[in-house]
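To keep things clear, I will list the structure first and then write my remarks on it.
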Amino acid sequence: MFEVSDSSLTRPSGRERGLPVVKVVITGRPGVGKSTIFAEVVENLKRRGYSVCGFFCPEIRIGGVRKGFKIVSIGLPIEGVLSYVCGEMSGLSSLTVGKYCIKIDDAISVGAHSLEYAVRVCDIIALDEVGPMELKVKELEKRIWDALYSAKPTVAVVHVRLAEEVRRALLSRSFKTLYFVVTESNRGEIPQIVLRNIFNY
């Protein structure tokens with residue numbers, strides 16, 4: 001758990017920092033390269049001197065077998081377990097997605113708090129991913145929508161079944177929204193398209 005109580009840390013919105021408030025939605029089938037695109041965009045933004053905050057959710061593998069997912073903060077030195085195979089770890093909740101049970105405490109202490117910090121302090125918000133597991137936890141779900149609707153540029157990997165809903169929600173708020181369905185043929189060009197739109201050149 002972390003605490004940030006100094007309100008002087010609050011930064012201007014992306015618009016006030018000279019960045020257009022672009023909302024980037026990246027989706028596609030599992031394994032097509034969405035997280036690789038996300039990581040490339042985030043690293044490019046950091047190299048340009050912008051603070052990028054949010055979270056990502058890598059797999060937990062043991063002996064080559066996927067056992068669950070971590071939740072790792074971008075911008076803060078915290079991480080936890082988002083979900084794990086039900087019955088194979090203590091501290092799991094009764095909230096399930098498939099064979100995985102969600103660890104609510106970590107989803108909130110890492111995910112929700114990282115997004116609160118991102119909206120309040122950072123230049124650009126980054127989420128990988130917005131999916132059924134993340135949205136099962138009500139406090140994290142609220143923070144995800146707060147981030148998506150914030151006046152800051154946002155790059156979000158969204159589960160394929162939720163992507164159209166997220167796109168429509170952003171357009172209903174009149175955000176400039178870029179929507180990418182990643183394929184093997186277009187994945188190499190997407191990072192530069194995203195960066196050109198964020199930097200408006």
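The values are calculated or read from the model by the stated rules, or taken from the named source; none is laboratory data. None of these values were measured; they are calculated from a predicted model. Using ideal geometry, Cβ is built from the backbone for each residue, glycine included, and neighbour counts are taken over all protein chains shown.
Here are some notes:
- Scope the range 172-195; condition surrounded by fewer than 12 Cβ atoms within 10 Å (Cβ to Cβ) and either of a type in the set (D, E, K, R) or in contact with a Gly (Cβ under 6 Å, 6 or more places away or on another chain) (or both); matching residues: 173, 184, 189
- Looking at 91, 98, 75, just one residue is modelled with pLDDT of 95 or more, surrounded by fewer than 16 Cβ atoms within 10 Å (Cβ to Cβ) and within 30 Å of residue 168 (Cα to Cα), and that residue is 98.
- One residue from 109, 94, 114 being among the hydroxyl-bearing types (Ser, Thr, Tyr) and without any contact (Cβ under 8 Å) to a residue 12 or more places away in the chain: 94
- Qualifying residue in the range 4-26 (condition: assigned to a loop (DSSP other than H, G, I, E, B), of a type in the set (A, V, I, L, M, F, W, C), at pLDDT 95 or above and surrounded by 15 or more Cβ atoms within 10 Å (Cβ to Cβ)): no
- Counting only strands (runs of 3 or more DSSP E) that sit wholly inside the range 50-111, those with at least 1 residues that are of a type in the set (Gly, Ala, Ser) and out of contact with any Pro (no Cβ under 8 Å at 6 or more places or on another chain) are 52-56, 65-74, 79-85.
- The set of residues in the range 173-199 being charged (D, E, K, R), in contact (Cβ under 8 Å) with a residue 40 or more places away in the chain and farther than 19 Å from residue 145 by Cα consists of 184, 187.
- Residue list for the range 148-201, filter: farther than 18 Å from residue 132 by Cα, of a type in the set (D, E, K, R) and in a loop (DSSP other than H, G, I, E, B): 152, 173, 184, 187, 189
- Selection status of residue 29, basic (Lys, Arg), on the phi < 0 side of the Ramachandran plot, modelled with pLDDT of 95 or more and assigned to a loop (DSSP other than H, G, I, E, B): yes
- Among the residues making up the range 25-47, none is in contact (Cβ under 8 Å) with a residue 40 or more places away in the chain and over 21 Å from residue 186 (Cα atoms).
- Of the residues 112, 151, 107, the single one that is in contact with a strand residue (DSSP E or B) (Cβ under 9 Å, 6 or more places away or on another chain) and either surrounded by fewer than 16 Cβ atoms within 10 Å (Cβ to Cβ) or within 29 Å of residue 77 (Cα to Cα) (or both) is 107.
- Residue among 156, 118, 169 that is more than 10 Å from residue 23 (Cα to Cα), of a type in the set (A, V, I, L, M, F, W, C) and buried (at least 21 other Cβ atoms within 10 Å of the Cβ): 118
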